[in-house]
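Reading through the structure tokens given below for one structure.
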Amino acid sequence: STAAGVVVVLVFLLFAVQLLFGLYASSTVTAVAHDAAHRAAAQGAPPRGFIEADARRNLGDVGESAEFRWGEDDSDGDGEVDTVVLLVVASPPRFIPPSIGGAIGLDEIRRTVRVRMEGVQP
């Protein structure tokens, strides 16, 4: 019974560690996605490839396998593109089997950020 108790405690400990790392990774991905989208929406922004490379560096190991999808949108319906859209999909570090973590939403971080483009009115 002592061995079973130790196993249960270790499983709960690994679950807690996975949850904490998942929350940290989620916050980091959200912040980096917002920063990248804001940089891309700024007037005179550098190329998106440069912004994406910088965002990957900021994400560290998670950024190596992260997926970045850039887009543009007309959010106010006037026929002109005025919004940068960035979708980032990343996988946090794993400490528990995917069969356990996937069932409760710890397998993937998916963030979509929309930022209005800066522009000078004539």
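The values are calculated or read from the model by the stated rules, or taken from the named source; none is laboratory data. On a predicted model such as this, the values are computed, not experimentally measured, just so you know. For neighbour counting, all protein chains shown are included, and Cβ atoms are generated from backbone atoms with ideal geometry for every residue, glycine included. What goes into the accessible areas is simple: the full protein's heavy atoms, side chains included, and nothing from ligands, DNA or RNA. Shrake-Rupley method; radii C 1.70, N 1.55, O 1.52, S 1.80 Å.
Note on residue 67 and residue 96: the model spin-label points, each 7 Å out from Cα along the C-beta direction, lie 2.4 nm apart.
The long axis of helix 2-41 is offset from the longest Cα principal axis of the chain by roughly 10 degrees. Tally Lys and Arg at +1 and Asp and Glu at -1 over the other residues with C-beta under 12 Å from the C-beta of residue 18: what net charge comes out? Neighbour charge sum, excluding residue 18 itself: 0. To the nearest 10, the accessible area of residue 68 is 20 Å² with a 1.4 Å probe. Peptide packing for 87-97, 37-47, 73-83 was compared via the average number of neighbouring C-beta atoms within 10 Å per residue; ordered from the highest value, the list is 87-97, 37-47, 73-83. Counting only heavy atoms of the protein chains and using a 1.4 Å probe, residue 65 has close to 80 Å² of accessible surface. The phi torsions of region 72-84, fed into the Karplus equation with coefficients 6.51, -1.76 and 1.60 and a -60° offset, translate into couplings of 9, 8, 9, 7, 9, x, 8, x, 10, 5, 9, 9, 8 Hz, rounded to whole numbers, with Gly and Pro shown as x.
Could you give the length gained on full extension between residue 14 and residue 83, defined as 0.36 nm per residue of separation minus the Cα-Cα distance, in nm?
On the way: separation 69, 0.36 × 69 = 24.84 nm, distance 4.10 nm.
Residue separation times 0.36 nm, minus the Cα-Cα distance, leaves 20.7 nm.
Proximity of backbone amide H atoms, modeled 1.01 Å from N, is registered between residue 82 and 73, 74, 75 at under 5 Å, excluding neighbours fewer than 5 places apart on the same chain.
Farthest towards the positive end of the charge dipole of the chain, among the residues 16, 84, 63, is the Cα of 16, using unit charges on the Cβ of Lys, Arg, Asp and Glu.
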